[in-house]
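Sharing a structure with you now.
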Amino acid sequence: MEFIVFDLEWNQPEGADEEVRHAIPFEIIEIGAVKLDKELNLIGKFSQMIRPQVYKEINWRIRKMLNLQPGELEKGRPFTEVAEEFLTWCGSDPVFCTWGGQDLTELQRNLAYFDMPPLAEKPFEYVDVQKLYARKMGEKRQFSLESAVDEMGIEKDVAFHRAFSDAYYTGMILKALPEDIRRTSAAYDLYRLPGSREEEIYLRSEDSYTFYSQGYDDRNDIINDARITTIWCPRCGGPSTKGRFSGDMSFATGGRSLKRRIKWFGHMGRTMHAAGICPEHGPVISALKIRTAGNGKYFAEKTTSCASREEYDKLTEQKQKSDAK
Ligand SMILES: [Zn+2]
């Protein structure tokens, strides 16, 4: 197993037709990556330019940000060639690591657009270094890579905003993060939704779990599915197994299901909430988002967490306001 920390640069269309834009909203023009061993030592580098074939005119902002030299992109090779070389370089058992989740999505969209085999047939675990870093900082917002590099005191020896350098810095941050943070949260790439109930994902930490459902054709089927609307106490939850990198992953819903004292409320298009009280562990709040997958299906992302009495009371108030409307 090796960690593949990668970063992409892409071009955005100007005036392309709607259908093409939908299929490939961003065309990849550069792939940069570092390969790290289990101890996170740097053991390989990858950097290649890609000559665009869909959006040949490079957006001026992107040209400026990347500091592209005249003729540099024209020397690039076609996406299919570079992507194949990259995926071979990644080896048979890569754990992908990125700054945020978008690079994995765009890589898969580009693979699909150019009729290449998918990265995987179902959701897979990856390491979102941006998310881990936010966890270290104790905040939920998205930090910029450069601010993280500064804060962690990593030497800025290569320029930012090129695929290789950004991948390199992301790798350095991953390595510099405390081990307990690195183990806390797995991220899942959901470009392909779970194809069945068996493939559904339960990501568990000590006092919360996040569930990703399979796809549904109709949003109403999600909120009418008791399996999804039931709240389980995260601490009373069933058996769990160790993930290969990130701690507990699978979570059987064999734990204690709670009576919903605050019934589901909120907009289906945003986040819905419900809450119960575990006799042993106190208030438990569940947040449900109905998201749309790349294939147009709907799926549930539900995070259930142990909460404080204040949080529970605040939610009670919100519920009362919502009922009064
Ligand atoms: Zn409990």
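Might you tell me the accessible area per residue for region 1-145, computed with a 1.4 Å probe and given in Å²?
That works out to 51 Å² for each residue.
What is the list of residues in region 286-325 whose amide nitrogen lies under 16 Å from a point 7 angstrom out from the Cα of ASN220, following Cα to Cβ?
Under 16 Å, as judged by backbone N against the label point of ASN220, lie 298 of region 286-325.
Ok, one more. On the protein heavy atoms, probe 1.4 angstrom, tell me the percent of accessible surface of region 1-144 carried by carbon and sulfur. Walk me through the numbers before you get to the answer.
Working: 3420 of 7340 Å².
That fraction is 47 percent.
Report, to the nearest 10°, how far helix 102-113 tilts away from the longest principal axis of the Cα atoms in the chain, using its own Cα long axis and a range of 0 to 90°.
Approximately 70 degrees, to the nearest ten.
Enumerate the amide H contacts of TYR188 below 5 Å, restricted to partners 5 or more residues apart or on another chain; note that Pro and chain-start residues carry no placed amide H.
The answer is TYR126.
Another question, if that's okay. Could you work out how far helix 163-176 tilts from the main Cα principal axis of the chain, as a 0 to 90 degree angle to the nearest 10?
So the inclination is approximately 50 degrees.
Run the reach check for LYS175 against lysines, Cα to Cα strictly under 17 Å, same-chain hits fewer than 8 apart removed. What comes back?
Cross-link targets: LYS35, LYS38, LYS45, LYS131, LYS136, LYS156.
Relative to the first principal axis of the alpha-carbon coordinates of the chain, what is the inclination of helix 79-90, with its axis defined by its Cα atoms, in degrees from 0 to 90 and to the nearest 10?
Between the helix axis and the principal axis of the chain, the angle is about 70 degrees.
A further question follows. For the chain, the longest stretch holding no GluC sites (Glu not before Pro) located in a DSSP loop with at most 11 other Cβ atoms within 10 Å is which?
Numbers: sites that count: GLU14, GLU39, GLU74, GLU121, GLU139, GLU155, GLU206, GLU280.
Result, exposed sites excluded: 207-279.
In Å², what does the accessible area per residue of region 197-324 work out to with a 1.4 Å probe?
53 Å²
State the cysteines of the chain left without a partner when partners are defined as other cysteines whose beta carbon lies under 4.7 Å away.
That list is CYS90, CYS97, CYS306.
Still on this model: Calculate the spin-label point distance for ASP115 paired with THR80, positioning each point 7 Å from the Cα along the beta-carbon direction, and give it in nanometres.
Result: 0.7 nm between the two label points.
Would you be so kind as to identify which of LEU40, ILE290, TRP10 lies farthest towards the positive end of the dipole of the chain, taking Lys and Arg as +1 and Asp and Glu as -1 on Cβ and the Cα centre as origin?
ILE290
Here is a follow-up. Towards the positive end of the charge dipole of the chain, with charges on Cβ (+1 Lys, Arg; -1 Asp, Glu), say which of LEU104, ALA83, ILE181 has the farthest Cα.
Positive-end residue among those listed: ILE181.
Here is a further query. Treating only the Cβ atoms of Lys and Arg (+1) and Asp and Glu (-1) as charged, compute the dipole magnitude of the chain about its Cα centre; round to the nearest 20 debye.
The calculated dipole for the chain is roughly 1380 debye.
Are there any trypsin sites (Lys or Arg not before Pro) in region 100-208 that are in a DSSP loop and have at most 14 other Cβ atoms within 10 Å? List them by number. Mind dumping the intermediate values first?
Details: sites: ARG109, LYS131, ARG135, LYS136, LYS140, ARG141, LYS156, ARG162, LYS175, ARG182, ARG183, ARG192, ARG197, ARG204; in loops: LYS140, ARG141, LYS156, ARG162, ARG183, ARG192.
Of the trypsin sites (Lys or Arg not before Pro), the ones in loops of region 100-208 whose Cβ has at most 14 other Cβ atoms within 10 Å are LYS140, ARG141, LYS156.
Hey, which aspartates and glutamates would be in cross-link range of LYS297, C-alpha to C-alpha under 13 Å, not counting anything within fewer than 8 residues on its own chain?
In chain and number order, the partners are ASP217, ASP218, ASP221.
A further question on this structure: Pull up all non-local amide H partners of CYS278: gap of 5 or more, or a different chain, and H-to-H distance under 5 Å with H placed in the peptide plane.
Hits under the 5 Å cutoff: VAL284.
For ILE154 and GLN69, what is the calculated FRET efficiency with R₀ set at 30 Å and r taken between the beta-carbons, to the nearest 0.05? Kindly include the intermediate steps, with their values, before the conclusion.
Values: r = 26 Å, r/R0 = 0.88.
With R0 = 30 Å, the Cβ-Cβ based efficiency is 0.70.
Output wanted: per-residue J couplings in Hz (rounded whole) for region 42-55, from phi through Karplus 6.51 cos²θ - 1.76 cosθ + 1.60, θ = phi - 60°, x for Gly and Pro.
Ordered by residue, 3J(HN,Hα) equals 6, 10, x, 9, 9, 8, 9, 8, 10, 7, x, 10, 9, 10 Hz.
The values are calculated or read from the model by the stated rules, or taken from the named source; none is laboratory data. Keep in mind it's a predicted model, so treat the numbers as computed, not measured. Every residue, glycine as well, gets a Cβ built from its backbone with ideal geometry; the counts of neighbours run over all protein chains shown. Accessible surface areas use protein heavy atoms only, side chains included; no ligands, DNA or RNA. Shrake-Rupley method; radii C 1.70, N 1.55, O 1.52, S 1.80 Å.
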